[in-house]
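Asker: Here it is: the structure, laid out below.
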Amino acid sequence: MRGRSVGDAVLAGTVDIPAPPARLTADWQREIGTRLELEPGDVAPLPLARARMRWPDYRLCVQSVSGWLHAQGLHGLPGACDVALMACRGARYHHDGAQYGAAAFCNLFLSEDKGLDLHFPFAGHRIPLARGTVVVFDTGQPHGVIPRHGHGFDAADFAPDQDRIQVFLTWELPIAHPGIRQALQVRELADSGDAQLPHEDQVLLNGAAAQLCPDTGRWCPEPRRP
């Protein structure tokens, strides 16, 4: 699609998956502590290939997500879609439309409940994160990971002495998939052939590149009202 709207809908649910084995979670903790050195708000990849060698239930996680997507009418997914293993110490508000404009994300959270929500300020959703939480959303939809009763991102909520790291699998689902477009309410925008639509992926607000405040989730500066 040359140009499209950002889907307002967010799909969320829970699947029954076993806890990752202790030796795998210990490996993640070492990786996060020694190599990633996550600061509050950081999101970074973990080595998936190495994890799969120590993770007998990885296939079950994929099957559970596939079954849940099928129940939402998203048949054949995630299939061969790109998948990554990620860790975050909370997440500042952001969108991923500039890097992944042709995709929706499907995230499966693997960590236990640590009192955090995945917050979509404009879509109006707060999703409690716990083991088995699965979420599908448009990459252009602003989102952040904040404390359950918080109203924005504050680095002080993710001090080193607090265990508030979440590990999750994320798949890149094609936004052109008819089921994804319908479920997330994505509309294709007409291409007039002029310069109104950019040639590179970006999220536009009132015709200009959208800038998001990482702490509040609000657009900054506030767009002019017509």
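Asker: Which one of these is buried (at least 16 other Cβ atoms within 10 Å of the Cβ), among the charged types (D, E, K, R) and modelled with pLDDT under 95: D96, D138, D161?
Answerer: Among D96, D138, D161, only D96 is buried (at least 16 other Cβ atoms within 10 Å of the Cβ), among the charged types (D, E, K, R) and modelled with pLDDT under 95.
Asker: Looking at (1) modelled with pLDDT under 95; (2) in a strand (DSSP E or B); (3) of a type outside the set (A, V, I, L, M, F, W, C), which one does E200 not meet, given that it meets all the others?
Answerer: Unmet for E200, out of (1) modelled with pLDDT under 95; (2) in a strand (DSSP E or B); (3) of a type outside the set (A, V, I, L, M, F, W, C): (2).
Asker: Out of (1) under 16 Å from A98 (Cα atoms); (2) at pLDDT 95 or above, what's the single condition that is false for A156?
Answerer: All conditions are met except number (1).
Asker: Can you name every residue in segment 9-47 that is under 20 Å from A71 (Cα atoms) and among the β-branched types (V, I, T)?
Answerer: The answer is V10, T14, V15, I17.
Residue by residue, here is whether (1) surrounded by fewer than 16 Cβ atoms within 10 Å (Cβ to Cβ); (2) under 17 Å from A9 (Cα atoms); (3) free of Cβ contacts under 8 Å to residues at least 24 places away in the same chain holds:
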{"position": "A80", "(1), (2), (3)": "yes, no, yes"}
{"position": "E112", "(1), (2), (3)": "yes, no, no"}
{"position": "P121", "(1), (2), (3)": "no, yes, no"}
{"position": "G144", "(1), (2), (3)": "no, yes, no"}
{"position": "P147", "(1), (2), (3)": "no, no, no"}
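Asker: On to the next question. Here are some conditions: (1) farther than 17 Å from T133 by Cβ; (2) without any contact (Cβ under 8 Å) to a residue 24 or more places away in the chain; (3) out of contact with any Phe, Trp or Tyr (no Cβ under 9 Å at 6 or more places or on another chain). R52 meets all but one. Which one does it not meet?
Answerer: Going through (1) farther than 17 Å from T133 by Cβ; (2) without any contact (Cβ under 8 Å) to a residue 24 or more places away in the chain; (3) out of contact with any Phe, Trp or Tyr (no Cβ under 9 Å at 6 or more places or on another chain) one by one, R52 breaks only (3).
Asker: Have a look at T25, T34 and point out the one that is among the β-branched types (V, I, T), modelled with pLDDT of 95 or more and in a helix (DSSP H, G or I).
Answerer: Every option except T25 fails the conditions.
The values are calculated or read from the model by the stated rules, or taken from the named source; none is laboratory data. Every value quoted in this text rests on a predicted model; they were computed, and no experiment measured them. With ideal geometry, Cβ positions are generated from the backbone for all residues, glycine too; neighbour counts draw on all protein chains shown.
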